[in-house]
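Structure provided below as C-alpha coordinates; questions to follow.
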Amino acid sequence: QVQLVESGGGLQQAGKSLELSCQASGRMLSLGKMGWYRRAPGKQRELVATITSYGSANYGDDVRGRFTISRDNAKKTVNLQMNSLKPEDTGVYYCYAPITTLQDSGARTNEYWGQGTQVTVSS
(Lines give C-alpha, C1' and ligand atoms only; values in the text may rest on other atoms or scores of the structure.)
Protein backbone atom coordinates (compact mmCIF):
# COMPACT_ATOMS: atom_id res chain seq x y z
CA GLN A 1 0.00 0.00 0.00
CA VAL A 2 1.42 3.33 -1.06
CA GLN A 3 1.53 6.05 1.56
CA LEU A 4 3.27 9.25 2.57
CA VAL A 5 4.34 9.70 6.17
CA GLU A 6 5.49 13.04 7.56
CA SER A 7 7.67 13.68 10.59
CA GLY A 8 9.47 16.54 12.26
CA GLY A 9 6.75 18.97 13.27
CA GLY A 10 6.44 20.50 16.69
CA LEU A 11 6.65 23.70 18.70
CA GLN A 12 9.37 26.21 17.94
CA GLN A 13 10.11 29.83 18.75
CA ALA A 14 9.96 32.58 16.16
CA GLY A 15 13.28 33.08 14.41
CA LYS A 16 14.35 29.48 14.93
CA SER A 17 14.31 26.50 12.55
CA LEU A 18 12.49 23.23 12.02
CA GLU A 19 12.88 20.49 9.45
CA LEU A 20 10.08 18.34 8.12
CA SER A 21 10.55 15.03 6.38
CA CYS A 22 8.23 12.91 4.26
CA GLN A 23 8.79 9.28 3.36
CA ALA A 24 7.00 7.61 0.46
CA SER A 25 6.58 3.87 0.82
CA GLY A 26 4.98 0.99 -1.04
CA ARG A 27 5.36 -0.44 -4.49
CA MET A 28 5.41 2.31 -7.09
CA LEU A 29 6.54 2.83 -10.65
CA SER A 30 7.36 6.50 -10.27
CA LEU A 31 7.15 9.44 -7.91
CA GLY A 32 6.24 12.76 -9.50
CA LYS A 33 6.59 16.34 -8.34
CA MET A 34 6.58 16.25 -4.54
CA GLY A 35 5.52 19.10 -2.37
CA TRP A 36 4.50 20.57 0.93
CA TYR A 37 1.25 22.38 1.61
CA ARG A 38 -0.06 23.85 4.81
CA ARG A 39 -3.35 24.80 6.35
CA ALA A 40 -3.26 27.60 8.87
CA PRO A 41 -6.10 27.99 11.38
CA GLY A 42 -9.12 29.50 9.67
CA LYS A 43 -7.47 29.51 6.25
CA GLN A 44 -7.48 27.38 3.14
CA ARG A 45 -4.70 25.01 2.31
CA GLU A 46 -1.86 26.79 0.51
CA LEU A 47 1.28 25.88 -1.36
CA VAL A 48 4.51 25.94 0.60
CA ALA A 49 6.95 24.41 -1.88
CA THR A 50 7.25 21.81 -4.62
CA ILE A 51 10.18 20.05 -6.21
CA THR A 52 10.47 17.97 -9.36
CA SER A 53 12.43 14.75 -9.65
CA TYR A 54 15.14 16.79 -11.36
CA GLY A 55 15.40 19.14 -8.38
CA SER A 56 13.59 22.17 -9.74
CA ALA A 57 11.96 23.92 -6.80
CA ASN A 58 9.08 26.34 -6.50
CA TYR A 59 8.05 28.27 -3.38
CA GLY A 60 5.05 30.12 -2.07
CA ASP A 61 5.54 33.85 -1.72
CA ASP A 62 5.30 33.75 2.08
CA VAL A 63 8.18 31.30 2.50
CA ARG A 64 10.53 32.10 -0.38
CA GLY A 65 13.99 32.85 0.97
CA ARG A 66 13.30 31.22 4.34
CA PHE A 67 12.33 27.64 3.47
CA THR A 68 14.25 25.13 1.36
CA ILE A 69 12.78 21.98 -0.16
CA SER A 70 14.93 19.02 -1.14
CA ARG A 71 14.37 15.42 -2.16
CA ASP A 72 16.25 12.16 -2.37
CA ASN A 73 14.90 10.12 -5.25
CA ALA A 74 16.66 6.94 -4.18
CA LYS A 75 15.25 7.14 -0.66
CA LYS A 76 11.88 8.48 -1.85
CA THR A 77 11.96 11.31 0.63
CA VAL A 78 11.27 15.02 0.50
CA ASN A 79 12.41 17.42 3.20
CA LEU A 80 11.49 20.96 4.10
CA GLN A 81 14.03 23.05 5.97
CA MET A 82 12.23 25.96 7.61
CA ASN A 83 14.38 28.84 8.84
CA SER A 84 13.51 32.20 10.36
CA LEU A 85 10.16 30.87 11.44
CA LYS A 86 7.30 33.29 12.03
CA PRO A 87 4.11 32.82 14.06
CA GLU A 88 2.15 32.95 10.79
CA ASP A 89 3.93 29.76 9.70
CA THR A 90 1.81 27.93 12.26
CA GLY A 91 -0.39 25.26 10.74
CA VAL A 92 -0.69 21.66 9.69
CA TYR A 93 1.84 20.76 7.01
CA TYR A 94 0.97 18.10 4.46
CA CYS A 95 3.25 16.17 2.15
CA TYR A 96 1.94 15.59 -1.38
CA ALA A 97 2.98 13.50 -4.34
CA PRO A 98 1.48 12.06 -7.50
CA ILE A 99 2.49 8.40 -7.52
CA THR A 100 2.24 5.93 -10.37
CA THR A 101 1.50 2.35 -9.46
CA LEU A 102 0.86 -0.77 -11.48
CA GLN A 103 -2.75 -1.87 -11.33
CA ASP A 104 -4.42 -4.85 -12.95
CA SER A 105 -5.56 -2.49 -15.69
CA GLY A 106 -2.11 -0.99 -16.15
CA ALA A 107 -0.16 1.96 -14.80
CA ARG A 108 -2.21 4.54 -12.94
CA THR A 109 -1.25 7.83 -11.32
CA ASN A 110 -3.06 8.98 -8.19
CA GLU A 111 -2.54 11.91 -5.83
CA TYR A 112 -1.41 11.03 -2.35
CA TRP A 113 -1.35 13.11 0.81
CA GLY A 114 0.29 12.51 4.13
CA GLN A 115 -1.66 12.64 7.37
CA GLY A 116 -0.22 16.04 8.25
CA THR A 117 2.16 17.25 10.91
CA GLN A 118 1.50 20.19 13.21
CA VAL A 119 3.93 23.12 13.25
CA THR A 120 3.43 25.75 15.92
CA VAL A 121 5.59 28.87 16.07
CA SER A 122 5.44 30.95 19.22
CA SER A 123 6.23 34.66 19.29
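Calculate the translational D of the chain in whole µm² s⁻¹ from Stokes-Einstein, where the hydrodynamic radius comes from the Kirkwood formula applied to all Cα pairs, the temperature is 10 °C and the viscosity 1.306 mPa s. Could you put the intermediate results ahead of the total?
Working: Rh = 14.7 Å.
Answer from the Stokes-Einstein relation: 108 µm²/s.
Mind checking the per residue accessible area of segment 19-75 for me, 1.4 Å probe, whole number of Å²?
Details: 3390 Å² over 57 residues.
Result: 59 Å² per residue.
How high is the FRET efficiency between ARG66 and MET28 when r is their beta carbon distance and R₀ equals 25 Å, given to the nearest 0.05? Intermediate results must be reported in sequence, preceding the final value.
On the way: r = 31 Å, r/R0 = 1.25.
E between ARG66 and MET28, to the nearest 0.05, is 0.20.
Extension gain LYS43-SER84, at 0.36 nm per residue separation less the Cα-Cα distance, in nm? Could you put the intermediate results ahead of the total?
Working: separation 41, 0.36 × 41 = 14.76 nm, distance 2.15 nm.
Answer, rounded to one decimal: 12.6 nm.
Sticking with this one: Please work out how much length the chain gains when fully extended from GLN3 to THR109, using 0.36 nm per residue of separation minus the C-alpha to C-alpha distance, in nm with one decimal. Please list the in-between numbers first.
Values: separation 106, 0.36 × 106 = 38.16 nm, distance 1.33 nm.
Taking 0.36 nm per residue and subtracting the Cα distance, the gain is 36.8 nm.
Could I ask something else about it? In debye, nearest 20, what is the charge dipole magnitude of segment 1-63 about its Cα centre with +1 on Lys and Arg Cβ and -1 on Asp and Glu Cβ, if you could check?
Values: 7 positive and 5 negative charges, 35 e Å.
Charge dipole, segment 1-63, about its Cα centre: 180 debye, nearest 20.
Dipole magnitude of the chain about its Cα centre, charges +1 at Lys/Arg Cβ and -1 at Asp/Glu Cβ only, in debye to the nearest 20?
Working: 14 positive and 10 negative charges, 16 e Å.
With Lys and Arg at +1 and Asp and Glu at -1, about 80 debye.
What's the Kirkwood radius of segment 1-63 in Å, using all Cα pairs?
Details: mean 1/r = 0.0725 Å⁻¹.
About 13.8 Å, per the Kirkwood formula over Cα pairs.
Per the 1.4 Å probe, what fraction of the accessible area of the chain, in percent, lies on carbon and sulfur atoms?
Numbers: 3020 of 6870 Å².
Of all accessible area on the chain, carbon and sulfur atoms account for 44 percent.
Which lysines have a Cα less than 20 Å from the Cα of LYS16, not counting those fewer than 8 places away in the same chain?
LYS86
Among ALA24, ALA97, ALA57, whose mean-square fluctuation peaks in a Gaussian network model of the chain (Cα, cutoff 10 Å)?
So, out of ALA24, ALA97, ALA57, the one fluctuating most is ALA57.
With θ set to phi - 60° and the Karplus curve 6.51 cos²θ - 1.76 cosθ + 1.60, what are the ³J(HN,Hα) couplings of segment 15-27 in order, to the nearest whole Hz, using x for Gly and Pro?
x, 8, 10, 9, 10, 9, 10, 9, 10, 8, 9, x, 7
The values are calculated or read from the model by the stated rules, or taken from the named source; none is laboratory data. Keep in mind it's a predicted model, so treat the numbers as computed, not measured. Positions of Cβ are backbone-derived with ideal geometry, glycine not excepted, and every protein chain shown enters the neighbour counts. Just so you know, the surface numbers come from the protein's heavy atoms only, side chains and all, with ligands and any DNA or RNA stripped out. Shrake-Rupley method; radii C 1.70, N 1.55, O 1.52, S 1.80 Å.
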